[in-house]
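Q: Provided herewith is a single structure, encoded as structure tokens, for subsequent inquiry.
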Amino acid sequence: MQCEYSIIICTYNNACSLKLTLQSLLNINFEKISLEILIVDNNSNDETKYVILSFIKSSEKKNIKYIFESHQGLSYARNRGVEEAIGQYIIFIDDDVEIPTDWLVELNKTILLTNAAVIGGRVLLKYPTSIKPKWLDNELELFLSKADWGENILTLDLIKNWPVGTNIAFKKDDIKSEKFLTSLGRVGCNLRSGEEIELCNRLLQKKKLIVYAPNALIYHLVPNSRIKKIFFRKRSFYEGLSYFPHYKISNIRKYLHVFSLLNKCIIISIKQLFCINSTKRFKLFLALLNHIGQLKASFLKYSK
């Protein structure tokens, strides 16, 4: 039987969460859907390999494969997974998720209905405790890879709404010809991101359809370390560092972009001084860090 789906999990030094994710994955409903599961170990030095091999050994399924990618970086790991995959659609999920039993069935329904090049599933968050910090509102939850764009299937424009790498599927032919940009994506503990959106932007320029699948739900397990403000500061800076255009633009546009960023930094800094609300002030600071990240990326790019 032809393989319809390749589920790829890229992992690095996250053995405990990975074990829970794999156990969750075993319980999904296939309903005669043919698939393979590829687990890409991105040069981990914890118990990751043992967890994966134990999972493969204990599983009755024969379609699970362990892949070791020595080149550090999430984009390298994802591209390696793409090279090994044989499914008609390639699905990426994170190594710290909880998967409802009907996730794949619902994703399959959206694919059959839309024939989209990219499908972004719904991602809700699960916190380690029942109470999350008061300052952590819906807007800030986007930093934790939340993707909740409503109850209906819709087209994603990558501006007002977008897919996230925690739960995303690509047509094999599209992703095999494009692949992830290796200058983006996390490397070890580095929080650089944006590789999925950059790839989606390239596909969007080719008039490819990108849709949201609300019923293809996955829960992202948020560790205690990510509900601290220092994580959001780092994430905002690296997001800015990742955002800067990776395509050629004219010299005039380069200087205008840098001038615009400097201007925004000054305006945000002034707003911060007069802001009384602590949550709003924190968001302004995150915006400032994002622009500083963009400035650093621009200077690195233009100095080459």
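Q: Under 1.5 on a/c is rounded, so check that first for segment 229-302, then, if it is not, pick prolate when a/b is larger than b/c and oblate when it is not; a ≥ b ≥ c are the square roots of the alpha carbon gyration tensor eigenvalues. All intermediate terms of the calculation are to be shown ahead of the outcome.
A: On the way: a/c = 3.75, a/b = 1.69, b/c = 2.22.
Oblate, since a/c reaches 1.5 and b/c is not below a/b.
Q: Now for a different question. Is any residue of segment 127-143 close enough, with backbone N under 16 Å, to a label point placed 7 angstrom from the Cα of Ser278 along the Cα-Cβ axis, and if so, which?
A: 132-137
Q: Moving to a separate point now. So which of Lys132/Lys229; Lys49/Lys179; Lys176/Lys206; Lys134/Lys229 end up more than 19 Å apart, counting from Cα to Cα?
A: In this structure, Lys49/Lys179 lie more than 19 Å apart at Cα.
Q: Still on this model: Is the shape of segment 32-165 rounded, prolate or oblate, going by the alpha carbon gyration tensor and its root eigenvalues a ≥ b ≥ c, with a/c under 1.5 for rounded and a/b larger than b/c for prolate?
A: Oblate is the answer for segment 32-165, as a/c is 1.5 or above yet b/c matches or exceeds a/b.
Q: While we're looking at this one, here's another question. Spin-label point model (7 Å from Cα, Cβ direction): what's the Ser260 to Leu154 distance in nm?
A: Result for the modelled spin labels: 2.5 nm.
Q: OK, next. Calculated from DSSP H runs of 4 or more alone, at -39500 (n - 2.57) each and per residue, what is the 222 nm mean residue ellipticity of the chain, nearest 500?
A: Only helices count here, giving -13500 deg cm²/dmol.
Q: What spacing in nm lies between the two simple spin-label points modelled at Cys16 and Lys109, each 7 Å away from Cα in the Cβ direction?
A: Between Cys16 and Lys109, the simple spin-label model gives 3.6 nm.
Q: Taking the Cα centre of the chain as origin, sum charge times position over the Cβ atoms of Lys and Arg (+1) and Asp and Glu (-1), and report the length of that vector in debye to the nearest 20.
A: Taking the Cα centre of the chain as origin, the dipole is about 1420 debye.
Q: Right, something else. List the aspartates and glutamates whose alpha-carbon lies under 19 Å from that of Lys160, not counting same-chain residues fewer than 8 positions away?
A: Cα-Cα hits under 19 Å: Asp137, Glu139, Glu141, Asp148, Glu151, Glu195, Glu196, Glu198, Glu239.
Q: While we're looking at this one, here's another question. Which FRET efficiency, nearest 0.05, do Asn43 and Glu83 yield, Cβ-Cβ r, R0 22 Å?
A: Efficiency, from the Cβ-Cβ distance: 0.85.
Values in this text are rule-based calculations from the coordinates and carry no lab data. Everything quoted here is computed from the prediction, not taken from an experiment. No Cβ is skipped: glycine too gets one built from the backbone with ideal geometry, and neighbour counts run over all protein chains shown.
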